[in-house]
Amino acid sequence: MKIAVMGSGGVGGFYGGRLAHSGCDVHFVARGAHLAAMRKHGLTIENAAQGNLHIPKVNVTHDPATIGRADLVIIAVKLKDTDSAAEAVKSIVGPDTAVLSLQNGVIKDDILRRHFGEQRVMGGVAYVATHISRPGVIDQVGTMQRLVIGEYGGEHGGKRTPRVEWLLKALLHAGVQAEVSADIRCTLWEKYTFLVGLSGTTTTMRSAIGPIRANPQTRAFLHDLMIEVVAVGRAHGVALPADYGDDRLIFADGVPATMTSSMHHDLERGNALEVEWLSGGVVTLGKAVGVPTPANRAVWDVLALHADGKRDA
């Protein structure tokens, strides 16, 4: 089975790297200094708690068309690049190719369905704290490396199809805590709840999660962000428990104090931010169903001047 990873940053590089290290036929798409370093030195995943993992030789290219027909295409680019990434990989997507997004947000698969149709798109939710620390090197904070996959509605909705079973087996063999969800849409919103809280607070406050959860005022704001996500999701028919925001606050107490978000890293590096699809997405989806979202609106407003990154300012 041939796997193509479109976007070899923190998430794509991590999961693709784990799969490649376990013997899977993985082909990465990267660019710039990261591409050059991967060609010369391979790919390294650094983890202070578990030790480093190095794949000395990887298949990597800047042009997806050179990969050939893939059995699975993993989309791991920033949300603003989803349409362009989908166009770039169309030549390697065949009738039986599965397309799996490991991106943030809850609208990512709606975008991919417009390009590839309903049946090719699988649902995926990645839980891992990673970023490119330097070209060719992915830094993982903590030990969490969970990946939930599943089929959407229609004839395969919630079923453990052969492609789901194959990917589950490959992920488990690669040492990833993988599982199958019978309601992948709800699973997406579960992650979205915590991610919106984590990204909104760490980025606006320029801090890791530890000090935020320890201070009563910032802890309350973190809680408010997540409560709003739950209210919006439930209004859209997602089967989230009414108290799920409370559950995620408890979850936040258990993650490493040094954990931050990819959006916080992007802010520090002057990159474009995903705030439009994270807190901004909560605001937009909330308006559609008449649910107020003042905390997430505050995050979106505070980060508005940074949303396009310094390079585009």
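The values are calculated or read from the model by the stated rules, or taken from the named source; none is laboratory data. Since this is a predicted model, take the numbers as computed values, not measurements. Backbone-built Cβ (ideal geometry, glycine too); neighbour counts: all protein chains shown. In case anyone asks, the SASA skips ligands and DNA or RNA and just uses the protein heavy atoms, side chains included. Shrake-Rupley method; radii C 1.70, N 1.55, O 1.52, S 1.80 Å.
Which of the residues belonging to the range 273-297 are outside any loop (DSSP other than H, G, I, E, B) and either free of Cβ contacts under 8 Å to residues at least 12 places away in the same chain or of a type outside the set (Val, Ile, Thr) (or both)? Walk me through it before giving the result.
Just the residues of the range 273-297 that are outside any loop (DSSP other than H, G, I, E, B), to begin with: 279-289, 294-297.
Within the range 273-297, 279, 280, 281, 284, 285, 286, 287, 288, 294, 295, 296, 297 meet the criteria.
Give the residues of the range 162-183 that are β-branched (Val, Ile, Thr) and touching a helix residue (DSSP H, G or I) at 6+ places or on another chain (Cβ under 7 Å), sorted by residue number. Before the answer, list the steps.
Residues of the range 162-183 β-branched (Val, Ile, Thr): 164, 176, 180.
176, 180, listed by residue number.
Taking the residues in the range 118-133 that are modelled with pLDDT under 95 and more than 11 Å from the chain's Cα centre (by Cα) as candidates, determine which candidate is nearest to residue 285 (Cα to Cα).
It comes out as 118.
Test residue 172 against the criterion of being touching a residue at least 24 places away in the same chain (Cβ under 8 Å), part of a helix (DSSP H, G or I) and of a type in the set (A, V, I, L, M, F, W, C), and give yes or no. Don't jump to the end; show me each part of the working.
Working: touching a residue at least 24 places away in the same chain (Cβ under 8 Å): no; part of a helix (DSSP H, G or I): yes; of a type in the set (A, V, I, L, M, F, W, C): yes.
Here the answer is no, as residue 172 does not meet what is asked.
Looking only at residues in the range 169-220 that are touching a Lys or Arg at 6+ places or on another chain (Cβ under 7 Å) and more than 19 Å from residue 131 (Cβ to Cβ), which one is most open to solvent (accessible area, probe 1.4 Å)?
So the residue we want is 177.
Considering every residue within the range 109-117, establish whether at least one is outside any loop (DSSP other than H, G, I, E, B), acidic (Asp, Glu) and surrounded by fewer than 20 Cβ atoms within 10 Å (Cβ to Cβ).
Quick first cut of the range 109-117, residues outside any loop (DSSP other than H, G, I, E, B) only: 109-116.
Then keep just the ones that are acidic (Asp, Glu); that gives 109-110.
Those left that are additionally surrounded by fewer than 20 Cβ atoms within 10 Å (Cβ to Cβ): 110.
Yes, because at least one residue in the range 109-117 is outside any loop (DSSP other than H, G, I, E, B), acidic (Asp, Glu) and surrounded by fewer than 20 Cβ atoms within 10 Å (Cβ to Cβ).
Which one of the conditions (1) surrounded by fewer than 16 Cβ atoms within 10 Å (Cβ to Cβ); (2) more than 25 Å from residue 102 (Cβ to Cβ) does residue 295 fail to meet, given that it meets all the rest?
Among (1) surrounded by fewer than 16 Cβ atoms within 10 Å (Cβ to Cβ); (2) more than 25 Å from residue 102 (Cβ to Cβ), the lone unmet condition for residue 295 is (1).
Table: residues versus (1) of a type in the set (Val, Ile, Thr); (2) within 18 Å of residue 276 (Cα to Cα); (3) touching a strand residue (DSSP E or B) at 6+ places or on another chain (Cβ under 7 Å); (4) modelled with pLDDT of 95 or more.
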{"position": "151", "(1), (2), (3), (4)": "no, no, yes, yes"}
{"position": "157", "(1), (2), (3), (4)": "no, no, no, no"}
{"position": "160", "(1), (2), (3), (4)": "no, no, yes, no"}
{"position": "164", "(1), (2), (3), (4)": "yes, no, yes, yes"}
{"position": "190", "(1), (2), (3), (4)": "no, no, no, yes"}
{"position": "200", "(1), (2), (3), (4)": "no, yes, no, yes"}
{"position": "211", "(1), (2), (3), (4)": "no, no, no, yes"}
{"position": "223", "(1), (2), (3), (4)": "no, no, no, yes"}
{"position": "229", "(1), (2), (3), (4)": "yes, yes, no, yes"}
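Anything in the range 155-179 that is closer than 14 Å to residue 98 by Cβ and not charged (D, E, K, R)? List them, or say none.
156, 161, 162, 164, 166, 167, 168, 170, 171
Which ranges mark the helices (runs of 4 or more DSSP H) fully within the range 4-90 that have 3 or more residues being out of contact with any strand residue (DSSP E or B) (no Cβ under 7 Å at 6 or more places or on another chain) and farther than 30 Å from residue 110 by Cβ?
Details: elements: 10-21, 32-41, 82-89.
Per the criteria, 32-41.
Quick check on residue 159: is it open to solvent by 60 Å² or more (accessible area, probe 1.4 Å), not hydroxyl-bearing (Ser, Thr, Tyr) and not in a helix (DSSP H, G or I)? Walk me through how you get there before you give the answer.
On the way: open to solvent by 60 Å² or more (accessible area, probe 1.4 Å): yes; not hydroxyl-bearing (Ser, Thr, Tyr): yes; not in a helix (DSSP H, G or I): yes.
Considered against the rule, which asks whether it is open to solvent by 60 Å² or more (accessible area, probe 1.4 Å), not hydroxyl-bearing (Ser, Thr, Tyr) and not in a helix (DSSP H, G or I), residue 159 comes out as yes.
From the list 123, 68, which residue is farther than 27 Å from residue 269 by Cα and surrounded by fewer than 16 Cβ atoms within 10 Å (Cβ to Cβ)? Let's see the steps before the verdict.
Details: 123 fails: surrounded by fewer than 16 Cβ atoms within 10 Å (Cβ to Cβ).
After ruling out the rest, the residue left standing is 68.
Can you report the number of residues in the range 299-313 which are touching a residue at least 40 places away in the same chain (Cβ under 8 Å) and not β-branched (Val, Ile, Thr)? Give the steps one after another, and end with the answer.
Here is the first cut: in the range 299-313, the ones touching a residue at least 40 places away in the same chain (Cβ under 8 Å) are 299, 302-303, 309-312.
Right, trim to not β-branched (Val, Ile, Thr) and you get 303, 309-312.
Residues meeting the conditions: 5.
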